[in-house]
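Heads up: the structure comes next, in structure tokens.
The values are calculated or read from the model by the stated rules, or taken from the named source; none is laboratory data. In this text the structure is predicted, and so the values were computed from the model without any measurement. Quick reminder, even Gly has a Cβ in these numbers, built from the backbone with ideal geometry, and neighbours come from all protein chains shown. Just so you know, the surface numbers come from the protein's heavy atoms only, side chains and all, with ligands and any DNA or RNA stripped out. Shrake-Rupley method; radii C 1.70, N 1.55, O 1.52, S 1.80 Å.
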Amino acid sequence: GGGLLVFSTTVENADPITISGCTFASNEAPATSGSGGAMNLNTNPVNTVNVTNCTFTGNVSGSTRSTTTGGGAIWIGQGIHNIDKCTFVGNTAKSTNGGAVMVASGAPNTTATISNSIFTGNISGYHGSALTLTFTATVNNCLIYKNRGWNVAYVSDRPDVVCIFNNCTFASNTTDAETPAPNGIYLSTPSAPNAGFKNCLFYNSGTKPIDSGGEAPSVEYCGFDKDLSATWTDPSNIFTITKTSFFNADGDDYHLAAGSPAIDKGTHIEGCSPDLGGFARTAPFDMGAYEYNP
């Protein structure tokens, strides 16, 4: 952990470990196995760690390529971890996974929930420029745009992993090539569905906004900027998202614009109200990180 280490794997804490209102900038875990440029979180499986209203900017994991090391800003191990209302900008996993956050190890019943957060400008040398999820996680109300790596989010093929994405907006994430091309989320060769997407929006996310190397995930009430109706066949999905669906996509403002096809096309999801901006979601519900607010 370049800035902070939480390590209490043998102790059961009566109260949550709370990190709130902090700024972590330009920290580095420099060793070849250094994980969590800003913080490394690994606690007893029954303990809760709450990270809220924090900003992570320019932190670096120096780890070499590995399936268990990385996390430019945060590396997460055992425990019940809640990341809420945080901003991740310009963090880097130099040669490995998880430009911003890596959920890398856990124990039975441990989880990570990432909510109401913004990821932009993060870089990975390998998988998951924003998120690498090798254990079960839920991602709610997040805006994930202009990150750069092999893919923007990666989900492991472990048989006990299922990662859920609700009301997230993915936009203009790119490859790490010299001439970046749009890319999306990679689900690593699962033998059973290992992810679910609901009320999510995908804009400028390449030919495969969601790419499964194995069994297909559940995709419902999601919006895409190209016709993928033959792939994602649930009738609740729409394929008419354009940059005019957002208030100012060219300026990275992904609030919904008046008349957006994403308005009133979502469904109710517990834990996703209020939206990323703190605006209450009301029926009929919208797709994406932001509920339409005239």
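Taking residues in the range 230-252 that are loosely packed, with under 14 Cβ neighbours inside 10 Å, and partners anywhere that are not in a loop (DSSP other than H, G, I, E, B), the pairs with Cβ atoms closer than 6 Å and at least 6 places apart or on different chains are 234/220. Residue 205 meets all of the listed conditions (1) within 19 Å of residue 133 (Cβ to Cβ); (2) assigned to a strand (DSSP E or B) but one, namely (2). Applying the condition of being part of a loop (DSSP other than H, G, I, E, B) and β-branched (Val, Ile, Thr) to the range 39-68 and asking which residue is most open to solvent (accessible area, probe 1.4 Å) yields 67.
Annotation note: of 104, 100, the sole residue that is within 16 Å of residue 142 (Cβ to Cβ), of a type in the set (A, V, I, L, M) and either crowded, with 22+ Cβ neighbours inside 10 Å or out of contact with any strand residue (DSSP E or B) (no Cβ under 9 Å at 6 or more places or on another chain) (or both) is 100. Restricted to the range 140-181, and to residues that are β-branched (Val, Ile, Thr) and surrounded by fewer than 24 Cβ atoms within 10 Å (Cβ to Cβ), which residue is farthest from the chain's Cα centre (by Cα)? Result: 179.
The single condition among (1) on the phi < 0 side of the Ramachandran plot; (2) out of contact with any Phe, Trp or Tyr (no Cβ under 7 Å at 6 or more places or on another chain); (3) not hydroxyl-bearing (Ser, Thr, Tyr) that residue 130 does not meet is (2).
In the range 106-139, the residue that is nearest to the chain's Cα centre (by Cα) out of those that are under 18 Å from residue 167 (Cα atoms), part of a loop (DSSP other than H, G, I, E, B) and of a type in the set (Gly, Ala, Ser) is 130.
Selection within the range 21-38: residues that are of a type in the set (A, V, I, L, M) and closer than 16 Å to residue 70 by Cβ. The member of this set that is surrounded by the fewest Cβ atoms within 10 Å (Cβ to Cβ) is 31. Out of curiosity, is residue 265 surrounded by 18 or more Cβ atoms within 10 Å (Cβ to Cβ), at pLDDT 95 or above and part of a loop (DSSP other than H, G, I, E, B)? It is true that residue 265 is surrounded by 18 or more Cβ atoms within 10 Å (Cβ to Cβ), at pLDDT 95 or above and part of a loop (DSSP other than H, G, I, E, B). Can you find a residue that is closer than 20 Å to residue 84 by Cβ, touching a strand residue (DSSP E or B) at 6+ places or on another chain (Cβ under 7 Å), open to solvent by 60 Å² or more (accessible area, probe 1.4 Å) and part of a loop (DSSP other than H, G, I, E, B) anywhere in the range 5-20? Yes, because at least one residue in the range 5-20 is closer than 20 Å to residue 84 by Cβ, touching a strand residue (DSSP E or B) at 6+ places or on another chain (Cβ under 7 Å), open to solvent by 60 Å² or more (accessible area, probe 1.4 Å) and part of a loop (DSSP other than H, G, I, E, B). Among the residues in the range 62-69, are any in contact (Cβ under 8 Å) with a residue 60 or more places away in the chain and not β-branched (Val, Ile, Thr)? Within the range 62-69, one or more residues are in contact (Cβ under 8 Å) with a residue 60 or more places away in the chain and not β-branched (Val, Ile, Thr). Considering 124, 218, 212, which residue is out of contact with any Lys or Arg (no Cβ under 6 Å at 6 or more places or on another chain), without any contact (Cβ under 8 Å) to a residue 60 or more places away in the chain and surrounded by fewer than 19 Cβ atoms within 10 Å (Cβ to Cβ)? Selected residue: 218, the only one of 124, 218, 212 that is out of contact with any Lys or Arg (no Cβ under 6 Å at 6 or more places or on another chain), without any contact (Cβ under 8 Å) to a residue 60 or more places away in the chain and surrounded by fewer than 19 Cβ atoms within 10 Å (Cβ to Cβ).
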